[in-house]
Ligand code: 8YV
């Protein structure tokens, strides 16, 4: 039987591409070129399945333009906001994601962002790197300590739960808001808040771990930032769309926020020059899941979903 035709849109690690080439008639992208929308549509028209990253956008128009040949979008990501799930469902295209396998890596980056923000990591690094470190004093580069502070988690899914575990390791008290309260064995003593407002009021550090659904877009804005304790710290490793960046810049400039640690931005790649201009922002280029181990695990998980689909089974991580 002919192998299913599979497009892998971006360059993945060697073992993942080798497994894909063994089991599929695979179209790779060895130069890691970013597809234009037209190129994405044209390439997807030639295959039964696509394994994309969050960098490829499957809007309703794109799904419609691809037409009936494409049977499954097996994402190499936990987030699926780059795919119009309703349109995919209506077109009979199955969609999967890669949950669980990136929770540890993303939690590590969230903690890095928190510490980088609290301890003025960007400022300190820039000073030493640029040769401008010519002074030391006990009053110099004083940051905020996270020990004993309240760690607010917005979205207590898998990444939120692991990040909360890591924050407990720093002696932080965990609070969270989620659509529903977790059972005690997952909550692990964290304080549940049934409203966002109630969580914000106690979050010395607020870490975002919710998906960028239409409802959540801009959930952190001038009104919600005002509810945080003065000199709070914001960490975002989820999606840039969750934050109104103009409001964030204003809160960082005014001192309402002590600092922010950001791995994601409204504009990616690129970021936001107004945020880059602020010394109290610690920034990374969307690398939450970028470890050797996790990249392999994400690729294999996406292939597991494809294997199940083409074996006539329900893929484990079906989201549409
Ligand atoms: C990935 C992500 O880097 O999984 C997600 O939703 O944002 C990141 O882990 C990216 O999507 C890789 O495809």
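The values are calculated or read from the model by the stated rules, or taken from the named source; none is laboratory data. These numbers come from a predicted model, not from an experiment. Note: ideal-geometry Cβ built from the backbone for every residue, glycine included; neighbour counts use all protein chains shown.
Which residues, counting only those in region 21-32, are part of a loop (DSSP other than H, G, I, E, B) and away from the ligand (no atom under 16 Å from the Cβ)? Show your work before the answer.
As a first pass, look at region 21-32 and keep what is part of a loop (DSSP other than H, G, I, E, B): 24, 28-32.
If the condition is that a residue be part of a loop (DSSP other than H, G, I, E, B) and away from the ligand (no atom under 16 Å from the Cβ), then 24, 30, 31 are the ones that fit.
Taking the condition touching a helix residue (DSSP H, G or I) at 6+ places or on another chain (Cβ under 8 Å) and farther than 30 Å from residue 60 by Cα, does residue 127 pass? Steps first, answer last, please.
Values: touching a helix residue (DSSP H, G or I) at 6+ places or on another chain (Cβ under 8 Å): no; farther than 30 Å from residue 60 by Cα: yes.
For residue 127, the condition - touching a helix residue (DSSP H, G or I) at 6+ places or on another chain (Cβ under 8 Å) and farther than 30 Å from residue 60 by Cα - is not met.
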TODO: Considering only region 57-70, state which residues are surrounded by fewer than 23 Cβ atoms within 10 Å (Cβ to Cβ) and within 16 Å of the ligand (Cβ to nearest atom).
DONE: 57
Task: Any pair with Cβ under 7 angstrom, 6 or more apart, that starts in region 93-109 at a residue that is free of Cβ contacts under 8 Å to residues at least 12 places away in the same chain and ends at one that is not in a loop (DSSP other than H, G, I, E, B) - done: none
Task: residue 119 vs. criteria out of contact with any helix residue (DSSP H, G or I) (no Cβ under 7 Å at 6 or more places or on another chain), assigned by TED's automatic domain parsing to the domain that holds residue 239, surrounded by fewer than 12 Cβ atoms within 10 Å (Cβ to Cβ) and at pLDDT 95 or above - done: no
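Could you grab me the full set of residues in region 57-73 that are more than 13 Å from residue 92 (Cβ to Cβ) and in a helix (DSSP H, G or I)? So that I can check it myself, show each step before the final result.
Step one: list which residues in region 57-73 are more than 13 Å from residue 92 (Cβ to Cβ), which gives 57-62, 65.
60, 61, 62, 65 - these are the residues of region 57-73 that are more than 13 Å from residue 92 (Cβ to Cβ) and in a helix (DSSP H, G or I).
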Task: All positions within region 33-56 that are under 26 Å from residue 315 (Cβ atoms), within 16 Å of the ligand (Cβ to nearest atom) and part of a loop (DSSP other than H, G, I, E, B) - done: 35, 52, 53, 54, 55, 56
Open item on the list: Quick check on this structure: which one of 49, 86 is in contact (Cβ under 8 Å) with a residue 40 or more places away in the chain, outside the structural domain of residue 211 (by TED's automatic domain parsing) and surrounded by 22 or more Cβ atoms within 10 Å (Cβ to Cβ)?
Closed with: 49
